[in-house]
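What follows is calculated from the coordinates using simple rules that are stated; it is not laboratory data. Remember, predicted model here, so these are calculated numbers, not experimental data. Counting neighbours? That spans all protein chains shown, and the Cβs are built from the backbone with ideal geometry, glycine included.
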Amino acid sequence: MIEASHLCKNYPIKNHNNPFRKDRQLRCAVDDISFTVSPGELVGYIGPNGAGKSTTIKMLTGILLPDGGMVRVDGIDPFYQRKQNCRKIGVLFGQRSQLWWHLRLDDTYRLLKHLYEIPDEQYRKRLSVLREMLELDSFWDQPVRQLSLGQRMRGELAAALLHSPSYLYLDEPTVGMDVLVKERIRELLKELNRQDGVTILLTTHDLEDVERLCSRVMVINHGKLLYDGTMAQLRSRCTADATVTIDIQGEPTIIDGLRNFRQKGNQITFSLNRRLGEGQLLAQIVGCNHVRDITIQEPPIEEVVRDLYQRSGEEEQR
Ligand SMILES: Nc1ncnc2c1ncn2[C@@H]1O[C@H](COP(=O)(O)OP(=O)(O)OP(=O)(O)O)[C@@H](O)[C@H]1O
Ligand SMILES: [Mg+2]
């Protein structure tokens with residue numbers, strides 16, 4: 001289990017006019033965040049640029065020491081019990097490489113085998129599975145510096161998974177990948193989670209990743225946790241409009257108050273916002289017409305999340 005309780009992290013801001021001043025200002029990157037992630041969960045961690053996502057991941061993985069609060073992964077302190085923690089976790093930072101630039105993938109993995117003390121047989125089996133799943137064969141013999149971004153990321157993911165970690169932290173793993181590679185990575189993550197029970201915390205700006213993979217999502221902005229729950233609940237909090245289309249038998253009877261109303265023959269379309277209490281309009285129009293078919297198109301996830309970021313930004317300003 002991952003437990004984070006009242007986590008805080010501040011970064012010093014340099015005073016460029018006088019770098020020797022002792023009373024340096026601090027930028028609060030993570031501000032009193034608490035959550036737990038149970039074994040086997042696949043959780044999305046999203047937020048706008050500079051929200052504090054990578055800083056959180058760095059504290060969870062033991063790269064950074066929190067300024068306040070505590071982190072435990074299966075009871076282990078990731079910073080002070082770094083070696084024990086490293087055996088349990090796999091980490092991928094999309095923006096940074098953990099592969100050796102001038103080595104071939106094969107050589108890198110052999111180095112990791114020794115670092116993690118993976119037994120020969122286990123190493124051979126694991127590597128052949130990852131090699132096949134991530135389709136590494138076509139660039140197996142090239143040095144890492146010659147790989148394309150998508151190829152390198154597949155190599156990175158194999159490196160993060162080589163020692164069969166129970167916890168996987170992914171910080172923007174699909175950045176810069178084409179749709180086919182993204183799809184393959186998503187399938188792999190699903191499989192790791194479902195079949196092997198790997199607990200995954202996934203940071204991404206690609207909301208499709210979250211929609212397709214995560215039952216739970218945490219949203220952070222300005223270092224504060226804004227939301228922690230299911231995607232469905234997140235949608236229901238959204239103030240963006242849904243679009244309703246109704247096929248009516250005979251001439252439609254229209255009521256007042258429908259926004260963005262359009263009519264095309266027997267089909268009518270209008271906007272609906274449950275948070276504005278417009279659900280009853282739908283009940284009324286259904287009540288006074290002979291409805292053949294009805295579709296409600298929820299706002300796209302991008303709009304739901306944009307709405308949440310905007311509202312949190314406004315609250316912060318106030
Ligand atoms: N090493 C550092 N020194 C000073 N400030 C930092 C440092 N690393 C991050 N920050 C600041 O902390 C805040 C949070 O950064 P963080 O990298 O955690 O954001 P993020 O949510 O991962 O953003 P992105 O989506 O752009 O990757 C930002 O304001 C950033 O400028
Ligand atoms: Mg980041």
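Take the Cα of residue 194, step 7 Å toward its Cβ, do the same at residue 38, and the gap between the two points is 1.9 nm. Report the paramagnetic label zone for residue 1: residues of segment 171-213 whose backbone N is under 20 Å from a point 7 Å from Cα along the Cα-to-Cβ axis. Counting only backbone N, you get 197-202. Simple point charges give the picture: +1 on the Cβ of Lys and Arg, -1 on the Cβ of Asp and Glu, and for segment 14-109 a dipole about the Cα centre of about 400 debye.
Segment 120-164: which chymotrypsin sites (Phe, Trp or Tyr not before Pro) are DSSP loop and have at most 16 other beta-carbon atoms within 10 angstrom? For chymotrypsin sites (Phe, Trp or Tyr not before Pro) across segment 120-164 that sit outside H, G, I, E and B with at most 16 neighbouring Cβ atoms in 10 Å, the list reads 140. Pairs of Lys residues in the chain are counted when their Cα atoms are under 13 angstrom apart and they lie 8 or more places apart or on different chains; the count is 7. Stretched out straight at 0.36 nm per residue, the stretch from residue 180 to residue 317 would grow longer than its current Cα-Cα span by 45.3 nm.
Once the Cα atoms are used to define both axes, helix 149-161 deviates from the longest principal axis of the chain by about 70 degrees. Got a sec? Charge dipole of segment 1-105, +1 on Cβ for Lys and Arg, -1 for Asp and Glu; which of 45, 17, 86 is way out at the positive end? Positive-most Cα among the choices belongs to 17. Using a Gaussian network model of the chain in which every pair of alpha carbons under 10 angstrom is joined by a spring, one finds that among 104, 262, 145 the greatest mean-square fluctuation is at 262. Relative to one another, the C-alpha centroids of segment 234-287 and segment 70-99 are positioned 50 Å apart. Distance distribution note for segment 241-298: the fraction of Cα pairs above 12 angstrom is 62%. Counting other Cβ atoms within 10 Å as a rough exposure proxy, the listed residues 239, 61 run 239, 61 from fewest neighbours to most.
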